[in-house]
Every structure is written in structure tokens, then in C-alpha cells.
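*Asks:* Below is a structure I'd like to ask you about.
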Amino acid sequence: MKTVLQILALLIPILLLISTYSDAQQSRPKRLITQIGRGTINDIVYIADGEQLAVATSNGIWIYDTQTYKVNSLSTKHSDDVTDLDITSDGNTLVSLDVDGEINTWDAKTLTNNRIVAQARGSHIVPLVLAIDQIGKTIIALDVRGAITTIRIKEQDVLTTGEMRPPDQRLYNTVDIHPNKPIFASSDILGNVVITEVKTKQTQQKFHVNRGEVNCVLFSPDGNTVASGSGNGNIHIWNTNNGNLSLVLKGKMRAVNKIAFSPDSSIIAGGCVDGTIHLWETDTGRPIKTLIGHKRKITAISFSPDFRTIASGSIDGSLRIWSIAAGRELHIDHSHVGALNGYVISGDGKTIAALTQDKVIGLWDTSTGLNIKVFNTDTISDVKNIAIHPHGSMIATTRWDNIFTWDVETEEMISSFERTGALVEQITFSPDGSTIATASADRKIRIWNAQNAELRQTFNTNDANITHLTYSPNGRTIAFSSRYRSVRILDIETGVFKHNFKDTWRVVSSINFSADSKTLIVTGRTQDIYLWDVETGRQLESRKVLGPNIVNATFTPDMKTLVSCDSIGTISLIDVKSGELLGSFQGNRNQTVGLTFISDGKVLVIGGDDGTISLWDMHVVE
């Protein structure tokens with residue numbers, strides 16, 4: 001998962017949303033300049049004799065060259081998050097599972113001949129995990145309530161599909177199938193590991209971990225052992241031939257979230273929630289190395305077929321390749337950020353700061369698409385909101401009732417602000433960067449000196465749960481919305497709340513000012529874009545876009561065109577005067593969380609809740 005896209009490098013295949021191993025070939029949108037972020041890593045597997053790496057993410061399956069670390073292609077064959085990958089021991093068949101339960105098989109060497117073999121059935125979140133036996137004849141999928149879908153494959157046909165639901169009400173969370181016997185192992189949240197016969201669905205063996213939920217279970221490639229990773233930080237290894245507990249691996253491990261065996265079964269790797277990966281000898285239990293680099297929970301681990309490297313993924317947004325012999329990182333790629341809570345762009349348009357739902361903060365250069373840095377979560381932790389200085393030199397973060405500012409270059413704290421005594425719900429810098437505005441659960445908007453953290457002004461709004469807060473471009477007013485579906489304007493100099501805008505929207509999904517600060521644009525998950533005169537409070541003529549509900553809208557800098565995004569990612573261009581639809585194009589695959597123009601209106605930045613931020617050339621005609 002290397003390359004992080006260069007904006008003007010005209011289309012490194014990486015971002016060409018081209019699915020070279022999907023049945024449907026997709027051409028890269030002409031407008032797309034680059035894409036930042038490739039989605040949360042859910043699973044990793046080496047393919048093509050170790051020459052490539054398949055990475056399952058919330059955006060599809062990315063294929064990386066393991067020599068250059070560059071992206072070869074992206075498959076968007078799955079319509080939703082790809083949660084799991086597995087491969088046969090001969091390396092010929094790759095299997096993928098998405099969150100909707102669709103199971104696909106692929107020719108792992110050519111990444112072609114994709115076909116949907118089943119829609120796994122489950123009663124809850126559908127399947128969470130899958131496994132395939134080593135000769136590629138049986139696939140097992142397991143859902144959280146224990147519904148197990150069994151798929152027998154012969155040549156190009158699905159022979160049988162069976163389903164088992166255990167009589168108890170335990171919640172299951174992982175499954176693996178034996179490499180050469182018709183049995184599979186599953187685990188539940190009560191600490192049990194169960195070995196089950198595929199055909200009869202009868203329990204053959206049952207193991208119990210004394211303390212802690214079992215997070216993962218895995219057979220060794222030789223089939224002689226089955227291992228489980230637990231919430232108590234231990235790895236248990238059982239002999240599958242006699243059912244005896246062989247080893248309990250203990251150490252300075254927090255909850256073990258993922259485990260992987262080396263190809264020869266001699267080493268087991270355990271990935272923990274603190275981001276560490278521990279390597280042990282399978283036979284003796286002797287600790288070998290601890291791989292330290294990830295900052296958050298490990299979500300995927302895979303050994304290369306030649307036993308030289310390990311690939312790992314984490315919710316810290318990074319894909320890392322490790323040398324097993326040296327125990328060090330060979331390559332780091334920070335582009336796999338998770339679902340976004342939001343993003344902000346510096347006033348000069350040069351830097352994007354994004355906050356993921358996993359509380360990771362990343363910075364990107366908009367001119368190159370390159371990741372500048374991912375902030376150390378040991379220092380900046382449990383972040384709820386972020387804001388970035390207009391010049392990109394400082395970020396502000398909130399944590400409960402705390403407000404902090406940080407130097408982007410050094411990551412050192414600049415100021416810790418006076419605690420507000422109430423949850424800080426929103427934060428933003430003024431256009432000139434001299435002040436910071438915050439909105440808190442005590443229904444107050446506060447204005448702070450950005451340099452020395454001095455509190456300048458406090459305004460009591462009487463509005464609960466402020467959902468949006470934004471300065472006008474001239475810095476004289478603040479617009480904000482609340483859960484009561486109202487939008488209000490605050491004159492900062494006089495402290496007067498000038499207007500209270502209300503309409504038929506369900507919820508306020510976005511508020512934006514025009515470049516001249518005279519017009520406010522509001523969307524509310526309807527088909528309408530609402531416009532108000534900021535000075536008089538008079539509602540101007542709204543603009544309607546037929547189709548799914550609008551979640552965001554803004555003006556082009558020349559204020560001649562409205563740009564909107566609906567709930568399925570369609571970008572529409574509307575003439576401001578006539579209301580005529582000038583055109584549309586498909587933006588991000590998932591729902592949009594932000595629309596912002598940079599480079600004097602030449603480039604539109606679209607942030608998606610799938611962890612991607614894409615930059616589009618608005619002067620290109622599709």
C-alpha cells in the first residue's frame with residue numbers, strides 16, 4: 001500500500017478507480033486529480049507467490065507490488081466494505097467477503113475470473129469472517145450470532161450451501177477452516193474455541209480460555225495446532241490431534257486482536273490493540289521479537305511466502321512491511337485512514353487535516369496528495385474535533401471540555417486553554433487565524449485568542465447541541481446550527497444574534513458562506529438548497545436538485561454556480577441565477593462529509609465518510 005498519489009502525476013494507476021481484476025472495467029473520471037486515503041485496512045494477504053499484496057479495505061481491494069510498494073490496481077467489484085480475505089496454500093484462489101455477505105473468488109495470479117459464489121446468510125451483521133480450505137474446495141462464513149454458511153465448490157459450480165445455527169445464544173466473532181481436514185474452528189465472546197465437522201456440523205472438540213474473550217482463532221498451515229488470541233493478552237495453542245493445550249504465550253501483550261502463522265508453522269505472530277506485534281516460536285513458546293511502530297489496534301497480519309517479511313495493517317491508517325530477520329520496518333504507508341469524522345483545509349488551501357472515527361489525525365499536502373504526517377496518538381489522544389490554522393502551521397483539538405493547540409512541525413503543544421466545564425462540540429479558526437471559536441454543551445459560543453489561549457468573548461446561545469460552527473470569510477459573523485433545526489447568525493463585534501433561519505429540513509447537514517460573506521447556503525437532507533441574505537435575513541429563492549437528498553452545498557468562488565452533493569455521492573452543478581442543472585458527476589463512492597474549493601476555484605475537495613478525500617479539476621468537461 002505504498003504510493004500516496006501525486007496530484008499532477010497524471011494518474012498513477014493506483015487512483016484510477018480501474019478494476020483490472022474485476023469483470024466490469026471502470027475508467028478513471030477525467031475530473032479526478034488525485035485521491036487521498038484508501039480506506040480502513042480490514043485484512044491483508046500475500047498473493048502471486050509473494051510478488052503482490054492484496055489489502056481488503058472499506059473502499060475495495062487494493063493490490064500492491066511488494067518490490068516497489070506501489071499500487072498496481074484497485075477492485076471495486078464489492079459494493080461495500082471488504083472485510084475478509086483468504087487464499088489457498090497453492091496460491092491459486094483468493095476469496096473475499098464484504099459486509100453485506102457477498103463472497104467472491106478470484107484467480108490469485110491473474111486477478112481475473114472474478115465471480116460471486118454466494119451471498120452468505122446471517123441474522124445479524126451478516127458474516128464477520130470467512131475461511132477457505134487449502135485446496136480451494138470449501139468456504140466457511142460465520143456471522144456474529146453463529147449462523148455458518150458452508151460453500152462447496154467444484155470447478156465453476158457451487159455444489160452445496162448449508163447453514164448451521166448453534167442451539168445456544170453465544171455471540172461468535174471468528175472462524176478458520178482446517179487446511180486438509182473437513183473441520184473448522186470458531187470462537188465466541190465467552191472464551192470458547194469449538195472444532196466442528198463441516199458436513200454434519202457436529203462438535204468434535206471444545207476448548208475454553210480461562211479469562212478473556214477470544215478475539216481470533218487460526219489453524220497452523222500444517223494443521224497440527226489451532227491457536228487463539230484473547231482479550232486478556234494471551235495466545236493459547238492446542239494440539240488438534242489429541243486436543244491437549246500445548247502452550248500459553250504470555251508477555252507484555254495487551255488484548256490480542258489478530259494472529260498469523262508463518263508458512264512453515266514455526267512462528268506465530270500476535271497483533272495487539274496497542275499496535276505491537278509479537279513473534280514467538282510455535283513449538284517452544286520462546287519470544288523472538290516485538291515489532292513496534294503502529295500506534296493503534298492491529299487489524300491485519302500476513303507472512304510472505306518466502307518467510308522474509310510480514311505485512312501489517314492498523315486503524316492508525318498505516319500499512320507496514322517488516323523484515324522478520326531484522327525486526328524492523330522496511331516500508332510505511334500512511335494512506336489507509338479510516339472513516340472520517342471530518343476534515344478541514346487551511347485557509348491557503350495547501351494543507352488538509354482529517355480526523356478519523358478512530359481518532360487519528362493526518363495531514364496531507366494538496367499540491368502533491370502526499371501524506372505529510374500522522375500525529376502521534378500517544379501525545380494527541382481521544383480527539384473529538386479538529387481545526388487548522390489558515391496557514392497550516394497550527395492545529396487545534398478538543399477533548400471533552402479541553403482545548404489544545406499544537407505546532408504542526410514539532411507536534412508540541414502550544415497552549416492548553418481554560419476548561420469550559422462542558423463538552424466542546426465544535427471548533428474553528430477565524431479567517432485571519434487570530435482567534436478560535438468554540439461551541440460547547442453549555443450552550444455557549446466562546447472566542448479565544450489563538451496565540452495565548454486568552455478568553456475574549458462568551459455568548460449564550462440558549463441552543464442545545466450545536467452541530468455546525470463557521471466564520472464568514474470577512475471574519476465579522478459566525479453562523480451556527482443546532483439540533484432544533486435552526487440556523488443563526490452571530491455578529492461578533494456587537495454580540496447580537498441577528499437572524500434565526502428555519503425551514504422544513506429534517507436536520508441541518510451543512511452551512512456555508514459565499515465568498516463575499518453576503519449569502520448563507522444551508523442543506524437539510526432534502527432536495528432543496530436554501531439561500532439566505534446574511535445582512536437582512538431574507539430568504540432567497542431555493543434551488544432544487546431532483547434525486548437523493550442533498551447533504552452539502554457551496555458556491556464556486558465566483559458565486560455563479562452552486563455545487564451540491566447528495567447522499568450517494570453525486571455532485572451536481574446548478575446555475576445560481578436560473579436554477580438550471582448544468583451537469584453532474586459521481587464523486588466519492590460513499591456519502592460526502594465536506595465540499596471545499598481551493599486554488600481559486602479550480603479544484604474541488606470532496607471528503608467522504610469512507611476515509612477518502614478526492615481532488616477534482618472543475619475546469620475539465622466530462
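The values are calculated or read from the model by the stated rules, or taken from the named source; none is laboratory data. Computed from a predicted model, the values in this text were never measured in an experiment. Glycine gets a Cβ as well: all are built from the backbone with ideal geometry, and neighbour counts include every protein chain shown. Heads up: the accessible areas ignore ligands, DNA and RNA and are worked out on the full protein's heavy atoms, side chains in. Shrake-Rupley method; radii C 1.70, N 1.55, O 1.52, S 1.80 Å.
*Asks:* With N set to the number of residues, divide the alpha-carbon radius of gyration of the range 64-118 by 2.2 N^0.38 Å and report two decimals.
*Replies:* 1.16
*Asks:* Can you compute the charge dipole magnitude of the range 549-622 about its Cα centre, using +1 on each Lys and Arg Cβ and -1 on each Asp and Glu Cβ, nothing else charged? Give it in debye, rounded to the nearest 20.
*Replies:* Its charge dipole is roughly 80 debye.
*Asks:* Could you run the Debye sum over the Cα atoms of the chain, one equal point scatterer each and no solvent, and tell me log10 of I(q)/I(0) at q = 0.11, 0.12, 0.13 Å⁻¹, two decimals?
*Replies:* -1.06, -1.19, -1.31
*Asks:* To the nearest 20 debye, what is the magnitude of the charge dipole of the chain about its Cα centre, counting +1 on the Cβ of each Lys and Arg and -1 on the Cβ of each Asp and Glu?
*Replies:* 860
*Asks:* What length, rounded to one decimal in nm, is gained on full extension from Arg399 through to Ser486, with 0.36 nm per residue of separation minus their alpha-carbon distance?
*Replies:* Here the segment from Arg399 to Ser486 would lengthen by 28.7 nm.
*Asks:* Quick one: compute the contact order of the chain, relative version, from alpha carbon pairs under 8 angstrom and 6+ residues apart, as a percent.
*Replies:* Computed value for the chain: 8 percent relative contact order.
*Asks:* Continuing with the same structure: Along the principal axes of its C-alpha atoms, what lengths does the range 458-538 span, in descending order and rounded to whole Å?
*Replies:* Result for the range 458-538: principal-axis Cα extents of 34, 28, 18 Å.
*Asks:* What residues have an amide H closer than 5 Å to that of Glu454, excluding those fewer than 5 places away on the same chain, when H is modeled at 1.01 Å from N in the peptide plane?
*Replies:* Distant-sequence amide H within range of Glu454: Asn449.
*Asks:* Now for a different question. For every other residue with a beta carbon closer than 9 angstrom to the beta carbon of Ser542, add +1 if it is Lys or Arg and -1 if Asp or Glu, then tell me the sum.
*Replies:* -1
*Asks:* Given a Förster radius of 45 Å and the C-beta distance between Lys206 and Phe307 as r, what FRET efficiency does 1/(1 + (r/R0)^6) yield to the nearest 0.05?
*Replies:* The pair Lys206/Phe307 has a calculated efficiency of 0.85.
*Asks:* Name the long-range amide H neighbours of Ile47: under 5 Å, sequence gap of 5 or more, or other chain; modelled H, no Pro or chain starts.
*Replies:* For Ile47, whose amide H was placed from the backbone, the distant partners under 5 Å are Gln52, Leu53, Ala54.
*Asks:* Given R₀ = 25 Å, what would the calculated FRET efficiency be for Asn224 paired with Lys250, taking r from the Cβ atoms and rounding to 0.05?
*Replies:* Calculated transfer efficiency: 0.70.
*Asks:* Net charge near Ser416, counting Lys/Arg +1 and Asp/Glu -1 over other residues with Cβ under 14 Å of its Cβ?
*Replies:* Local net charge: -3.
*Asks:* What's the extension gain from Val496 to Arg419 if we count 0.36 nm per residue and subtract their Cα-Cα distance?
*Replies:* 25.2 nm
*Asks:* For Asp407 and Asp516 in the same chain, what is the full-extension length gain: residue separation times 0.36 nm, less their Cα-Cα distance, in nm?
*Replies:* In short, 36.2 nm is gained.
*Asks:* If the viscosity is 1.567 mPa s and the temperature 4 °C, what translational diffusion coefficient in µm²/s does Stokes-Einstein give for the range 508-589 when Rh comes from Kirkwood over Cα pairs?
*Replies:* 104
*Asks:* With every protein chain kept in place and ligands, DNA and RNA left out, what is the accessible area per residue of the chain? Probe 1.4 Å, answer in Å².
*Replies:* Each residue of the chain exposes 40 Å² on average to a 1.4 Å probe.
*Asks:* Take peptides 100-106, 580-586 and line them up by average Cβ neighbours within 10 Å, highest first, as a rough protection proxy.
*Replies:* Those peptides, ordered most packed to least, come out 100-106, 580-586.
*Asks:* Over 10 Å intervals from 0, what percent of Cα-Cα pairs in the range 246-324 sits in each interval?
*Replies:* Bin by bin from 0 Å, the calculated values are 20, 56, 23, 1.
*Asks:* If eta is 1.567 mPa s and T is 4 °C, what Stokes-Einstein diffusion coefficient results for the range 169-286, Kirkwood Rh from Cα pairs, in µm²/s?
*Replies:* 93
*Asks:* Okay, moving on. Which one of Ile550, Cys565, Leu85 has its Cα pushed farthest toward the positive end of the charge dipole of the chain, where Lys and Arg give +1 and Asp and Glu give -1 at the Cβ?
*Replies:* Ile550
*Asks:* Still on this model: Would you mind checking the radius of gyration and Dmax of the range 256-374 based on alpha-carbon positions, in Å?
*Replies:* Radius of gyration, then largest Cα-Cα span, for the range 256-374: 16.5, 58 Å.
*Asks:* Where does the range 466-622 land on Rg(C-alpha)/(2.2 N^0.38 Å)?
*Replies:* Normalised Cα radius of gyration, the range 466-622: 0.99.
*Asks:* Taking just the alpha-carbon atoms of the range 291-444, what radius of gyration and Dmax come out, in angstrom?
*Replies:* Reported Rg and Dmax, both Å: 17.5, 60.
*Asks:* Could you compute the net charge surrounding Asp49? Neighbours are other residues with a C-beta less than 9 Å from the C-beta of Asp49; K and R count +1, D and E count -1.
*Replies:* -1
*Asks:* Under 16 Å between alpha carbons, and skipping anything fewer than 8 positions from Lys201 in its own chain: which lysines qualify?
*Replies:* Lys181
*Asks:* Can you pull the one-decimal nm distance between simple spin-label points at Asp49 and Ile372, each 7 Å off the Cα toward Cβ?
*Replies:* 4.4
*Asks:* Sticking with this structure for a sec: Starting from the Cα of Lys297, draw a straight line to each of the lysines and keep only those under 29 Å, dropping any in the same chain fewer than 8 residues away.
*Replies:* Lys2, Lys70, Lys77, Lys206, Lys250, Lys252, Lys258, Lys289, Lys359, Lys373, Lys384
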